[in-house]
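The values are calculated or read from the model by the stated rules, or taken from the named source; none is laboratory data. Just so you know, these numbers come straight off a predicted model, no measurement behind them. Positions of Cβ are generated from backbone atoms using ideal geometry, with glycine treated the same way; all protein chains shown enter the neighbour counts. Ligands, DNA and RNA are excluded from the accessible area calculation, which covers all protein heavy atoms including side chains. Shrake-Rupley method; radii C 1.70, N 1.55, O 1.52, S 1.80 Å.
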4 protein chains.
Amino acid sequence: MKKIAVLTSGGDAPGMNAAIRAVVRKGIFEGLDVFGVFNGYQGLIEGKIERLDAGSVGDIIQKGGTMLHSSRCPEFKTPEGRAEGVRQLSERGIEGLIVIGGDGSYRGAQALSKEGFPCVGVPGTIDNDINGTDYTLGFDTALNTVIDAIDKIRDTATSHERTFIIEVMGRDAGDLALWAGVAGGAESILIPERLHDIGEIITRLRQGTGRGKKHSILIVAEGVMSGQDLAAKLKDAADIETRVSVLGHIQRGGSPTGRDRVLASKFGARAVELLLEGRAGVAVGMRNHAVIDYPLTEVFSRREGMEDGLYELSKELSI
Amino acid sequence: MKKIAVLTSGGDAPGMNAAIRAVVRKGIFEGLDVFGVFNGYQGLIEGKIERLDAGSVGDIIQKGGTMLHSSRCPEFKTPEGRAEGVRQLSERGIEGLIVIGGDGSYRGAQALSKEGFPCVGVPGTIDNDINGTDYTLGFDTALNTVIDAIDKIRDTATSHERTFIIEVMGRDAGDLALWAGVAGGAESILIPERLHDIGEIITRLRQGTGRGKKHSILIVAEGVMSGQDLAAKLKDAADIETRVSVLGHIQRGGSPTGRDRVLASKFGARAVELLLEGRAGVAVGMRNHAVIDYPLTEVFSRREGMEDGLYELSKELSI
Amino acid sequence: MKKIAVLTSGGDAPGMNAAIRAVVRKGIFEGLDVFGVFNGYQGLIEGKIERLDAGSVGDIIQKGGTMLHSSRCPEFKTPEGRAEGVRQLSERGIEGLIVIGGDGSYRGAQALSKEGFPCVGVPGTIDNDINGTDYTLGFDTALNTVIDAIDKIRDTATSHERTFIIEVMGRDAGDLALWAGVAGGAESILIPERLHDIGEIITRLRQGTGRGKKHSILIVAEGVMSGQDLAAKLKDAADIETRVSVLGHIQRGGSPTGRDRVLASKFGARAVELLLEGRAGVAVGMRNHAVIDYPLTEVFSRREGMEDGLYELSKELSI
Amino acid sequence: MKKIAVLTSGGDAPGMNAAIRAVVRKGIFEGLDVFGVFNGYQGLIEGKIERLDAGSVGDIIQKGGTMLHSSRCPEFKTPEGRAEGVRQLSERGIEGLIVIGGDGSYRGAQALSKEGFPCVGVPGTIDNDINGTDYTLGFDTALNTVIDAIDKIRDTATSHERTFIIEVMGRDAGDLALWAGVAGGAESILIPERLHDIGEIITRLRQGTGRGKKHSILIVAEGVMSGQDLAAKLKDAADIETRVSVLGHIQRGGSPTGRDRVLASKFGARAVELLLEGRAGVAVGMRNHAVIDYPLTEVFSRREGMEDGLYELSKELSI
């Protein structure tokens, strides 16, 4: 293998640039030519492919977003779309592809690998919801963005003795809400992995008030319900007044944390090694404090249950 | 005058704690006893008044919110409510009151002063919308919070080549939106002080696209319309897809910037001097790079037009 | 066991407050009375011990430093000193002690446990250098503080096309230097665990210049040599001009990151459980992505070698 | 005038990129061709001059440092050096030059203007020490960097009950030390504009201890003495133990604050207007809350005394 390519796909996540840099630098270190595919699978089909040298990824390790851009590409779900992508790569002599993205992005990589073009996946999504790895790029940065917002909102919650609802990202996975809620000292945390009883939330709020607590923070993952819906329920059921803050897209951006940069560096470099070792159709990941790899097919099986302990702990510490 | 009190009222703003600290420390330096009134005018009526010593305001200069808390108090708009407030103060031998807050808070201070109890106002609101002063406490911190959010959102806007609408605070005043928009390099800025033509915004967006711009940021002050409404208009009028981010209450919190802390220190100390000089019914402010004072009544007249130059400049620089 | 106490000892680290909060809240949740010992072992001997309720640890999860303060205490190394400490605890009916600190602090806990007073250790040090745990509280925050400094210095290094040496903390352990160096994209990283050849560093700098690199960042852990000494060596050996920045004590402070807060919460809560389970003379830690516990004696054996891979990777990626 | 150029010179300062962007965008808005000179006056002599379009300054408003780089250039102090610089500009049809930098950089602009080549200065230095303007680009960002460091160091100072000395930049001007000291709640502030009596500092420290203060922060501008020298004096004169932190080059970097970005935008745009109005040999500045311009020669006269009030206030508030 003499030439490889890298692309980013799906929602952008902090650390993607650091991973791109690692792929390019490690590839060059190993004597490869490394190409960047711009605009994800869509750009692959359109042939938006450029050679990257060591300097072209200088000064990007600290940047949010992805210098290769990203986009959705329904066409790549078809065999014809993928065939065109492979043609674009082969025409340039590229023999392996590294895909940085979430599980949706992995499907393309898996299909390509199955069809004979070697791909390796690198987990990049703030949701931390990729099966098989303890950790995805961007989660740590998003976590710190959310707790920075919680810290700010707590200032005003305290000053006005109010209850705030903060809606954070997470359609299917509550990791961001749960970690941020624990780190932000939230009084209640609602995540998609658990059933929520509005009555219990109200009881907790009232117990807090009974103990002299004059403000409260509730975190709700968007996959449970919207912040506005939760506010309406609390108002209807118990006449509790709340303010709602929807954090939105700020959660996706920002300079990656140290941890995201280091793991991106490890992941990107390991992905290059895997291609060189002839391993295709696998993803890199973090398990038990070590970089591992595993078949992409594992990703698409059901995600393992989340950490029970942390959810229970959040309740014990927010008394 | 041997005893004075300080309270915060209205929406909290970063720098209020630094101003409280300055009032307390300067008062003690001048040989006064200084009291804190908790929960604004409501707490004043309820007698939530405690003496503060130099140590009680240690380690607060860097904190957002207000250690004295704040609340709304319709009762204080009545002569009876104010009479009870004065009784609470007089009963403790307190002869002067410093009110940190926005123009709504100033009305109470003005009424009290007129009725014979000396008050001095300190401008504290992130909106920068108090007539007579170039600057209000909290504006600089809120500005930096907003541009931090814009910087983050630009990461994702660039990566996905999208147009984002960011809704910021400001019902009547567009200062925050305008400064943040210029500082964040926004393509269009909508503020309450100007009429906006949806057609012009669309033209600008299309010109940008024509020049190869692949993403755009639009800032809209809440007083103009909601971000969602703007998105709907762009969609209806020109089929332009946008994403909306409502920054919400994070804009009120956070550790104050250096500038907010220094000005809070100057304002708080000057307010104490004014009470000692027998000047009542005035507010401190910043004009022409100097701390000034002026009658509270000036605040309630119409606010002077905003800086024309900056709005025009924002258009010239976002080509 | 009905009453327990908690103290912090040694150099302060971000996350200590979050751990104190977790001990107090978890203890109360389990029906215990929890006491705080102020000023570390010195305060223990002096009886600076106060009961903490749930509210006394409110609003501290986000704060750097330690609300219990810390100090050195040579006296506690003597049996007499420790006997006095135990007397102070027993006199209040306290039957277990949680010590948050580094390996020096663990020696006191180990001695106490051996002498019959149950202690549990919680790893708190920015150096990440405690044997038996993959992770210590404060490391993640310090890492982000250092990379924030590197990012800033890179701005000026680039603008002036200069080589900068940044000296970071770490007498015996290079984790902070290594992680920060990788995350900051440093050209060379000098850590105590490796021999360094000034000739190789010079060669790398010159190769970089040869490839058109106009600025460089070198990270040196204080345990290797001072930044000034490294600058002198580069000047003497190859007439290379550098600027030196010694980051110093800013590395110890700051609001803890999300990760430090969450792990502090887990560690603190687990420490309480261990006391309740009758486990003494152990420390909590993180291994393989799980909270574990192990005998304090393991800490004092030689630390396992550091991660080889990351050091090699740092060289491959900084080409 | 159809073509103009812009360069940055002297120490880099946050906001320089925002000013470059404003020059380029405003110039293009006015129908000009705008050129960037790389590497300051040195690059001017060497002809490192490139045309910049609107896109070439996209995505730089938020970046520290200067994309045009900077360097020292003794040769430009000679008439021959300047003649070569003018030749390089004239050869490209460039008729005006905007110089962003400190007072040293202004000397070149002043000499060129006198010799017939129109120049306009834009004040860019973190020291805030340019005569004739209340404000220089970079000061506000540096101020916030310093107070962020003070806030961090205070965490550890409090935890260990120690006295810290923080050395900040400022050879001749104490603005940064003074503002940061007030904003950081420092107990003593030493600036070049004032004589300092070590005895008074000791007295203040002891008074603080007498009142129960257990930690202190002293700020010293490098122009007064080094932090180490101050530590030695306190040790010698009164056996006071201190820790020293030298903030160094982190003070020059970082993403510019909102204020620095907005003022940079105003300054850069106004500089273009001045060239178009045929005004040469002037600098832009901020006075009385308005953008002004004044002859470069004024800069080289003695700087006006600094704000007395703030220094006195710092003493009153740090009781």
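For chain B, a simple Cβ point-charge model (Lys and Arg +1, Asp and Glu -1, everything else neutral) yields a dipole of about 420 debye relative to the Cα centre.
Distances, shortest first, from the label point of A:Glu298 to those at the same position in the other copies read 2.5, 7.1, 7.1 nm; the point lies 7 Å along Cα to C-beta. With the simple model of a label 7 Å out from the Cα in the direction of the Cβ, C:Lys114 to B:Thr297 spans 8.2 nm.
Its Cα centre serving as origin, the protein assembly as shown has a Cβ charge dipole (Lys and Arg +1, Asp and Glu -1) of approximately 0 debye. Ranked by the mean number of other Cβ atoms within 10 Å per residue, highest first, peptides B:281-287, B:180-186, C:287-293 order as B:180-186, B:281-287, C:287-293. Its DSSP H runs of at least 4 residues, each contributing -39,500 (n - 2.57), put the calculated 222 nm mean residue ellipticity of chain D at -13000 deg cm²/dmol, to the nearest 500. With respect to chain B, whose longest principal axis is taken over its alpha-carbon atoms, helix B:258-276 is tilted by about 30°. Each other residue within a Cβ distance under 10 Å of C:Gly227 adds +1 if Lys or Arg and -1 if Asp or Glu, for a net charge of -2. When the listed pairs D:Lys48/D:Lys266; B:Lys48/C:Lys63; D:Lys26/D:Lys266; B:Lys26/D:Lys235; A:Lys152/B:Lys77 are checked against a 20 Å cut-off, the alpha-carbon distance exceeds it for D:Lys48/D:Lys266; B:Lys48/C:Lys63; B:Lys26/D:Lys235; A:Lys152/B:Lys77. For the peptide A:54-61, the mean number of other protein chain Cβ atoms found within 10 angstrom of a residue's Cβ is 4. Compared with the dominant Cα axis of chain D, that is its longest principal axis, helix D:79-91 is turned about 50°.
Among C:Phe300, C:Gly132, C:Cys73, whose Cα lies farthest out toward the positive end of the dipole of chain C, if unit charges sit on the beta carbon of Lys, Arg (+1) and Asp, Glu (-1)? After comparing all options, I get C:Cys73. The mean number of partner chain beta-carbon atoms within 10 angstrom of a residue's beta-carbon across peptide A:137-150 is 4.
When each of the peptides A:3-14, C:21-32, B:240-251 is scored by the mean number of other C-beta atoms lying within 10 Å of its residues, the order from highest to lowest reads A:3-14, C:21-32, B:240-251.
Against chain C, whose longest principal axis is taken from its Cα atoms, helix C:198-210 shows a tilt of about 60°.
For the rotational copies D and C, the chain D residue with its Cβ nearest the relating axis, together with that separation in Å, is D:Val246, 3. Each peptide in B:102-111, C:257-266, B:122-131 gets a packing score, the mean of other Cβ atoms within 10 Å over its residues, and the list from highest to lowest is C:257-266, B:122-131, B:102-111.
Each Cα pair under 8 Å and six or more residues apart adds its separation to the average, and for chain D the resulting relative contact order is 23 percent. Considering only B:Ile153, B:Leu178, B:Phe117, the residue lying farthest towards the positive end of the dipole of region B:100-203 is B:Phe117, judged by Cα position with unit charges set on Cβ.
Dipole magnitude for region C:1-126: about 140 debye, using +1 per Lys or Arg Cβ and -1 per Asp or Glu Cβ, origin at the Cα centre. Computed from the Cβ-Cβ distance with R0 of 41 Å, the FRET efficiency linking D:Gln207 to B:Ala83 stands at 0.45. Does a label point 7 Å from the Cα of D:Arg194, set along Cα-to-beta-carbon, have any residues of region D:203-220 with amide nitrogen under 19 Å, and which are they? What the label zone holds, given the 19 Å backbone N cut-off, is D:203-209, D:216-220. Buried area at the C:A interface is about 3600 square angstrom, summed over both chains, from accessible surfaces computed with a 1.4 angstrom probe. Once you reduce region B:125-139 and region D:110-147 to the center of their Cα atoms, the two points are 27 Å from each other.
With label points defined 7 Å past Cα in the direction of Cβ, position D:Asp33 shows copy-to-copy spacings of 3.6, 7.7, 8.5 nm, given to one decimal and shortest first. At a probe radius of 1.4 angstrom, the accessible area of chain A per residue rounds to 34 square angstrom.
The contact residues of region A:62-97, meaning those that lose at least 10 Å² of 1.4 Å-probe accessible area when all protein chains sit together rather than their chain alone, are A:Gln62, A:Lys63, A:Gly64, A:Gly65, A:Thr66, A:His69, A:Ser70. With Cα atoms defining each centre, region D:24-75 and region B:197-263 are spaced 29 Å apart in the structure.
The mean sequence distance of close C-alpha pairs (under 8 Å, at least 6 residues apart), as a share of the length of region B:139-252, puts its relative contact order at 38 percent. Of all beta bridges that DSSP places with both ends in the protein assembly as shown, some 25 percent have antiparallel geometry.
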